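Remarks on the structure that follows.
The values are calculated or read from the model by the stated rules, or taken from the named source; none is laboratory data. Worth saying up front: this structure is predicted, and the values here are computed from it rather than measured. Cβ placement follows ideal geometry from the backbone for every residue including glycine, while neighbour counts extend to all protein chains displayed.
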């Protein structure tokens, strides 16, 4: 959804700055979850989840900038931005929950994260 949104952006100096940051941050979320999932213990998995969490917060930040700027808001598909932002908030909540769960009850045979 983010890729489709950014591809439809009109040419604007501010969007030329925001677009690559938004793409990088949003793609980093799933990439770090996937990379961490393949790790050998909860400590390493937790570290990647925390990186993913930070990327989700950054994604939310860039989306809020799009929402908050009237000039930008009037030139883009704001409904898509609002939908992506709502989904990002849900991902943030899920990551918080998963990070807490891993800290409290490690998976069988794996070490708890510090």
Handout entry: Flag for residue 58 being surrounded by 16 or more Cβ atoms within 10 Å (Cβ to Cβ) and at pLDDT 95 or above
Key = yes
Problem - Positions within segment 79-106 being without any contact (Cβ under 8 Å) to a residue 12 or more places away in the chain and part of a helix (DSSP H, G or I), in sequence order - result: 79, 86, 90, 93, 94, 97, 100, 101, 104
Practice task
Please verify whether segment 11-26 includes one or more residues that are in contact with a helix residue (DSSP H, G or I) (Cβ under 9 Å, 6 or more places away or on another chain), in a loop (DSSP other than H, G, I, E, B) and either at pLDDT below 95 or at negative phi (or both).
Solution key: yes
